[in-house]
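Here's the structure we're looking at; comments come further down.
The values are calculated or read from the model by the stated rules, or taken from the named source; none is laboratory data. As the structure is a computational prediction, the values presented were derived from the model and not from experiment. Cβ sites come from the backbone with ideal geometry, for glycine too, and all protein chains shown count toward neighbours. Keep in mind that these areas ignore ligands, DNA and RNA; they rest on the heavy atoms of the full protein, side chains included. Shrake-Rupley method; radii C 1.70, N 1.55, O 1.52, S 1.80 Å.
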Amino acid sequence: MTKTIAVTGGLGFIGSHTVVELIEAGYSPVIIDNLSNSTLSVLDGIEKISGIRPTCYTLNVLETSELEAIFNTHQVDAVIHFAAFKAVGESVLKPLDYYHNNVGGLISLLNAMKNTGRNQLVFSSSCTVYGQPQTLPVTENSPFSKAESPYGQTKKIGEEMLMDISKTGMKTISLRYFNPVGAHPSALIGELPLGIPNNLVPFITQTAAGWRKQLTVFGNDYQTHDGTCIRDYIHVVDLAKAHVKAIEYLSKTEAMFTAFNIGTGQGLTVLEVIKAFEETTQIQLNYQIGLRRKGDIEKVWADSSKANAELGWEAKFDLHQMMRDAWKWQGQLPITI
Ligand code: UFG
C-alpha cells in the first residue's frame, strides 16, 4: 500500500526536492507549509516534474490541533520535518523568533504525532552541530560543539530533545546536512532568492547573472591549501534522495534514534567552487578577496560512510553538475535586484 508522508516545509528548497523524490519512489507526500519562505507556485514545478500535484496545507507547524487533523485525515505513516527558519545572521538579530519557530515548532509537531499515535520522524539537522571539529572528516560520533548562532543552537536543541523523546517511543532519524547547493536538473524547482544571498553558490550565480556587482571571498588567510574555507557541497537532489532512504530505514530499524551525515565526503575551498563554476559555464566571475566573515568555520567535511553503509545512500552528482544546475536555475528566474 502507498505510504503517506507528511512533509513540513515541503515547498522550501530541500523540502520541494524531497517531495519530488518521494513521489518518484512511490510515496504519497502531503505538504504542510506556512509560505514564510516559499510560494504556492512551487507546487507547479513539482507537478511538472512528477505529474502529480500533492495535497498542500498552508499551515504553521505551531498549530498542533490542525496538524493532528491532517495526520488523521490522510492516515500519515511518517513525517519529514523541514519547516524552520535557517538564516544564521538573522538568528543573531532575532533569537527569540528562532527558538519560538524552530524549537516551539518541533515540540508542537511531536505533540501532534504523540496525540495521534505517529512515531516515525525524519529531522532536518545540520553539520552546524559540530562547529569546528577537532578531527576531519567529521563522523556522527564527533562531539557537538557550542553553536555559532541561535540558528545552530536550535538544531542542537532539536537533536538533543529528539534523543530524549526517542526513549519514549518516537523513532527518529536526524540527517545532518552539509552544504546543499544546485537545483533540480529540470530547473523547475530550486532555491527562491529573497534579497541578498548569504550563501556562496546563489551569490556566485547572481553575480554571473549581473544581479550583483561582485562576489567577495570571505578571507584567504585560513589554514587551508589556498587560504579559503573548506566545505562539503552536496547537490540538493542527492540530499533529497537521502530522505527517501531514511523513510525506508525508519520502517525497518529497531534503533530509536539514528543520526547520519549527509555530504559527499569531499572538502572544497571557496576558490575551487568558483573555478568549477567558471569551467562549467565558461563565464569569468567578478570576485575579490575580502575580510573573513565573523563566525565562519575554517574547514568541515563529512565522513558519510555510515549513510553509505546503513542507508544504502551515496551522493552521485559532482561539483560541476551542482554548478550546472545552479546556473540553469538562475537562468530562468525573473529579473529582480
Ligand atoms: N562565502 C564567501 N562569500 C560569500 C558567501 C560565502 O566567500 O558571499 C564563503 C563562506 O565564507 C564559506 C563558504 O563560502 O567559507 C560557504 O558559505 P555559505 O554561507 O554558503 O555556507 P556556510 O557553510 O557558512 O553555512 C551553511 C548553511 C548554514 C549552516 C552552516 C553550517 O548556510 O545554514 O552551513 O551547517 F548553519
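Inspect the stretch 168-179 for any residue being closer than 23 Å to V61 by Cα, out of contact with any Leu (no Cβ under 8 Å at 6 or more places or on another chain) and near the ligand (Cβ under 10 Å from one of its atoms) and give the result as yes or no. Yes, the stretch 168-179 contains a residue that is closer than 23 Å to V61 by Cα, out of contact with any Leu (no Cβ under 8 Å at 6 or more places or on another chain) and near the ligand (Cβ under 10 Å from one of its atoms). Residues in the stretch 212-220 include at least one that is within 13 Å of the ligand (Cβ to nearest atom), in contact with a Lys or Arg (Cβ under 8 Å, 6 or more places away or on another chain) and either among the aliphatic types (A, V, I, L, M) or in contact (Cβ under 8 Å) with a residue 12 or more places away in the chain (or both).
Within the stretch 269-285, the only residue that satisfies the criterion of being open to solvent by 20 Å² or more (accessible area, probe 1.4 Å) and under 14 Å from F317 (Cβ atoms) is T280.
Here is a yes/no grid of residues against (1) among the hydrophobic types (A, V, I, L, M, F, W, C); (2) open to solvent by 10 Å² or more (accessible area, probe 1.4 Å); (3) more than 16 Å from the ligand (Cβ to nearest atom):
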site: I23; (1), (2), (3): yes, yes, yes
site: S41; (1), (2), (3): no, yes, yes
site: E66; (1), (2), (3): no, yes, yes
site: T73; (1), (2), (3): no, yes, yes
site: A83; (1), (2), (3): yes, yes, no
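Among the residues of the stretch 197-211, the one identified as without any contact (Cβ under 8 Å) to a residue 24 or more places away in the chain, under 24 Å from the mean Cα position of the chain (by Cα) and more than 6 Å from the ligand (Cβ to nearest atom) is P197. In the stretch 97-111, the condition of being at pLDDT 95 or above, more than 18 Å from G15 (Cα to Cα), in contact with a Ser or Thr (Cβ under 8 Å, 6 or more places away or on another chain) and away from the ligand (no atom under 16 Å from the Cβ) is met by at least one residue. Beta carbons closer than 6 Å, at least 6 apart along the sequence or on distinct chains, pair a first residue in the stretch 126-138 that is more than 21 Å from L162 (Cβ to Cβ) with a second that is not in a loop (DSSP other than H, G, I, E, B) for P137/A302. The criterion of at least 1 residues that are touching a Leu at 6+ places or on another chain (Cβ under 9 Å) and at negative phi is met, among helices (runs of 4 or more DSSP H) falling completely within the stretch 1-115, by 13-24, 42-50, 64-73, 105-115. Exactly one residue out of D97, D77 is more than 25 Å from H235 (Cβ to Cβ), open to solvent by 60 Å² or more (accessible area, probe 1.4 Å) and touching a residue at least 60 places away in the same chain (Cβ under 8 Å), and it is D77. Annotation: G169 fulfils all but one of (1) small (G, A, S); (2) touching a strand residue (DSSP E or B) at 6+ places or on another chain (Cβ under 9 Å); (3) closer than 22 Å to L311 by Cα; the unmet one is (2). Against the numbered list (1) within 14 Å of the chain's Cα centre (by Cα); (2) open to solvent by 10 Å² or more (accessible area, probe 1.4 Å); (3) among the acidic types (D, E), D232 comes up short only at (2). Among the residues of the stretch 124-137, is there at least one that is over 22 Å from D296 (Cβ atoms), under 17 Å from the mean Cα position of the chain (by Cα) and not in a loop (DSSP other than H, G, I, E, B)? Looking for residues that are over 22 Å from D296 (Cβ atoms), under 17 Å from the mean Cα position of the chain (by Cα) and not in a loop (DSSP other than H, G, I, E, B), one finds none in the stretch 124-137, hence no. What are the residues in the stretch 296-337 that are closer than 28 Å to Y249 by Cα, among the polar types (S, T, N, Q) and outside any helix (DSSP H, G or I), if any? Result: S304, single match.
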